[in-house]
């Protein structure tokens, strides 16, 4: 099954709509030291749809700016172009997919609510650990489960078998996917991110967010997303309905992220779950705006 699956999924990913040209150009410009904030703002402003959505997000209660943001240059000056670029990328990704299947329990808005919740929680964790990368971590949170969408849309028969295992036999997503497909959504997501030519750190994070101990990149991104994902799952910001438990935590992240522990090798879940609730409540309007385009 694995070889046929890879061939099938690769064909569908190649046939997927590309990211808007503005976003593709932005991704290529972010690491160019010659590019100015003015260049970034000018490029984003050339796409009216992205501009309108970005300004709505910038003025949401998630951000606490005292002045209304009416232009992209002003947004870039206040938020920094890393944040603005990653918001533009996030808006584009969320807008790439629509689902028409009616014979399953998949809810697209619930999927995005989980992904966006992971994004804001991961961003908050990153602000304490590696603040310069917080904007990129936000995008990683949005993309971490993108492979599930691909499976649902393009391998629907197999998706129904996976869902049945999850609902009727209490399988976790990875277990059910591996049983049916011999591969899982993190690998599918990696394929898609490569096709879209996203930064290598995002590709690695999507691939290893369930197994951060296997991430040999030397970065902490997959560990942050792993933690944010589990915290949101424990608070039932998830799809489909699955019983998650604290034993899913990959203990390798404890020392890597210098997390608050009760005793050695035991995360202070109460502390982090409370912080997660606060962050999701704070971002409620922002999440609603972003998932609804």
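Peptides 23-31, 182-190: what's the order by average Cβ count within 10 Å, highest mean first?
182-190, 23-31
For the chain, what does -39500 (n - 2.57) per DSSP helix run (n ≥ 4), summed and divided by total residues, give at 222 nm, in deg cm²/dmol to the nearest 500?
Working: 17 runs with 191 residues, N = 293.
The helix contribution divided over the chain gives -20000 deg cm²/dmol.
Return the FRET efficiency for the residue pair residue 37, residue 66: r is the Cβ-Cβ distance, R0 is 22 Å, and the value is rounded to the nearest 0.05.
0.60
Which value in nm describes the separation of the simple spin-label points at residue 56 and residue 255, placed 7 Å from the Cα toward the beta carbon?
Label-label distance for residue 56 and residue 255, simple model: 4.7 nm.
If I take all pairs of Cα atoms in the chain, what percentage of them are more than 24 Å from each other?
Details: 21663 of 42778 pairs.
So the portion of pairs separated by more than 24 Å is 51 percent.
If the elastic network links every pair of Cα atoms under 10 Å, which of 259, 149, 87 fluctuates the most in the Gaussian network model of the chain?
Answer for the Gaussian network model of the chain: 259.
So how much slack lies between residue 99 and residue 24, counting 0.36 nm per residue of separation and subtracting their Cα-Cα distance, in nm?
So the chain would gain 24.6 nm between residue 99 and residue 24.
List the relative contact order of the chain as a percent without decimals, with contacts defined as Cα pairs under 8 Å and 6+ residues apart. Provide the component values of the computation, followed by the final result.
Working: 362 pairs, mean separation 64.7, N = 293.
Across the chain, relative contact order equals 22 percent.
Volume per residue, Å³, of the convex hull around the alpha-carbon atoms of the stretch 155-244?
About 102 Å³ per residue, rounded to a whole number.
Rule-based calculations on the coordinates, nothing more; no lab input. Because the structure is predicted, anything quoted here is derived from the model rather than measured. Backbone-built Cβ (ideal geometry, glycine too); neighbour counts: all protein chains shown.
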